[in-house]
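*Asks:* Sharing a structure with you now.
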Amino acid sequence: MRGRVLIVAGSDSGGGAGIQADIKTVTALGGFAATAITALTAQNTQGVFGVMDVPADFIRSQIDLVLDDIGADVVKTGMLNKPEAIEVIAQALERRSPALPLVLDPVMVAKGGHKLLDDAAHAALSQRLIPKATLVTPNIPEAEALTGMTIRDVDDMVAAGRALLELGPGAVLVKGGHLPGSWLVDVLIDAAGIETFEGVRLETTSTHGTGCTMASAIATGLAQGASVRVAVRRARRYVQLAIVGAPGFGHGHGPLNHAHTVRPFGERT
């Protein structure tokens with residue numbers, strides 16, 4: 001087991017997304033997952049029915065105690081629905097680990113449509129955390145919300161990614177799953193240029209937690225010494241296999257099957 005990932009995110013009582021998906025993903029890929037929980041949610045495959053915020057001081061305590069004892073190779077953030085939580089993380093990175101890689105999944109709306117980020121938190125995310133991120137992983141609605149742009153095709157994805165890159169992160173992965181069509185394209189943009197990742201769309205309702213899973217898989221790769229591009233490639237393969245093997249639970253957007261892995265870096269998958 002190698003690669004320590006400190007996950008700062010919300011809990012999903014249904015087990016398909018959030019902290020639960022993050023822990024499963026990091027473990028399946030051979031890393032070690034530690035957590036700082038930012039909120040408790042009452043949800044299942046059909047939606048989010050309640051959110052209970054964790055006080056900012058307690059989020060800070062979780063982060064500090066993990067870093068003091070276990071340490072981390074990467075920080076991965078998910079649901080940060082209040083500006084106080086975002087500020088705690090920004091201060092922790094500035095105070096303790098300014099060089100620690102950060103994978104930021106800007107979770108803004110749940111799969112069922114429940115808004116998970118208020119307006120003040122939206123502004124704090126853009127101003128305090130995105131500039132510190134090694135990689136930001138928005139889906140189409142999140143990229144639109146963060147940039148104010150309308151995204152209709154891959155060219156728009158590239159434009160939105162470039163706009164986000166101007167905020168200061170090292171790289172941006174704009175995920176194209178919300179665009180129509182049988183061909184799915186993700187776009188990675190950094191200072192070195194643009195790389196697209198393409199594949200056939202899997203027709204399924206088992207898509208709950210795909211964003212959390214993707215970001216945590218990438219974070220695990222970075223924690224294990226991979227480059228952003230290599231980590232993204234392995235993460236996409238992991239998510240694809242998790243969707244293919246989904247158990248079919250629930251009556252809405254069902255969970256993935258996190259209980260599989262892909263071969264280590266440098267080996268054929």
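FYI, it's all coordinate maths here, none of it is from the lab. Remember, it's a predicted structure, so these values are computed and weren't measured experimentally. Neighbour counts are summed over all protein chains in view; Cβ atoms, including those assigned to glycine, are modelled from backbone coordinates with ideal geometry.
*Asks:* If I model a spin label as a point 7 Å beyond the Cα along the Cα-Cβ vector, how far apart are those points for residue 227 and residue 203 in nm?
*Replies:* Here the answer is 3.8 nm between the modelled labels.
*Asks:* Right, another one. Just give me a number: lysine pairs in the range 4-244, eight or more positions apart or cross-chain, with C-alpha atoms less than 23 Å apart.
*Replies:* Taking the range 4-244 as the scope, the lysine pair count is 13.
*Asks:* Suppose a student asked you for the relative contact order of the chain, using Cα pairs under 8 Å spaced at least 6 residues apart; what percent would you report?
*Replies:* Values: 598 pairs, mean separation 52.3, N = 269.
Relative contact order of the chain: 19 percent.
*Asks:* Suppose every K and R has +1 on its Cβ and every D and E has -1 on its Cβ; what is the size of the dipole of the chain about the Cα centre, in Debye to the nearest 20?
*Replies:* Values: 23 positive and 26 negative charges, 152 e Å.
Once rounded to the nearest 20, the dipole reads 740 debye.
*Asks:* Starting at the first residue of the range 123-134, write each ³J(HN,Hα) from the Karplus equation 6.51 cos²θ - 1.76 cosθ + 1.60 with θ = phi - 60°, in whole Hz, x for Gly and Pro.
*Replies:* Ordered by residue, 3J(HN,Hα) equals 5, 5, 4, 5, 8, 10, 10, 4, x, 8, 6, 6 Hz.
*Asks:* Among DSSP beta bridges whose residues both lie in the chain, state the antiparallel percentage, nearest 5. Write down the numbers at each step before the final one.
*Replies:* Working: 20 of 40 bridges.
Taking every DSSP beta bridge with both residues in the chain, the antiparallel ones total about 50 percent.
*Asks:* Select from 137, 81, 159 the residue farthest towards the positive end of the dipole of the range 4-244; place +1 on Cβ of Lys and Arg, -1 on Cβ of Asp and Glu, and compute about the Cα centre.
*Replies:* 137
*Asks:* Can you put 157, 52 in order, fewest other beta carbons within 10 Å first? Provide the component values of the computation, followed by the final result.
*Replies:* On the way: 157 26, 52 10.
Ranked by crowding around the Cβ, least crowded first: 52, 157.
*Asks:* Arrange the peptides 121-133, 32-44 so that the one whose residues have, on average, the most other Cβ atoms within 10 Å appears first. The partial results should precede the final answer.
*Replies:* Numbers: 121-133: 18.8, 32-44: 21.2.
Most protected by this proxy first, the peptides run 32-44, 121-133.
*Asks:* Amide H neighbours of residue 51 under 5 Å, at least 5 residues apart or on other chains, H built in the peptide plane: list them.
*Replies:* 42
*Asks:* Report ³J(HN,Hα) in whole Hz for each residue of the range 99-105, in order, from the Karplus equation J = 6.51 cos²θ - 1.76 cosθ + 1.60 where θ = phi - 60°; Gly and Pro get x.
*Replies:* Values, residue by residue: 9, 6, x, 10, 9, 10, 9 Hz.
*Asks:* Hey, another quick one. Taking 45 Å as R0, compute the FRET efficiency from the Cβ-Cβ separation of residue 68 and residue 261 and round it to 0.05.
*Replies:* On the way: r = 30 Å, r/R0 = 0.67.
Efficiency, from the Cβ-Cβ distance: 0.90.
*Asks:* Okay, moving on. Tabulate in residue order the Karplus-calculated ³J(HN,Hα) for the range 227-233, using 6.51 cos²θ - 1.76 cosθ + 1.60 with θ = phi - 60°, rounded to whole Hz; enter x for Gly and Pro.
*Replies:* Result, ordered by residue: 6, 4, 4, 5, 5, 5, 4 Hz.
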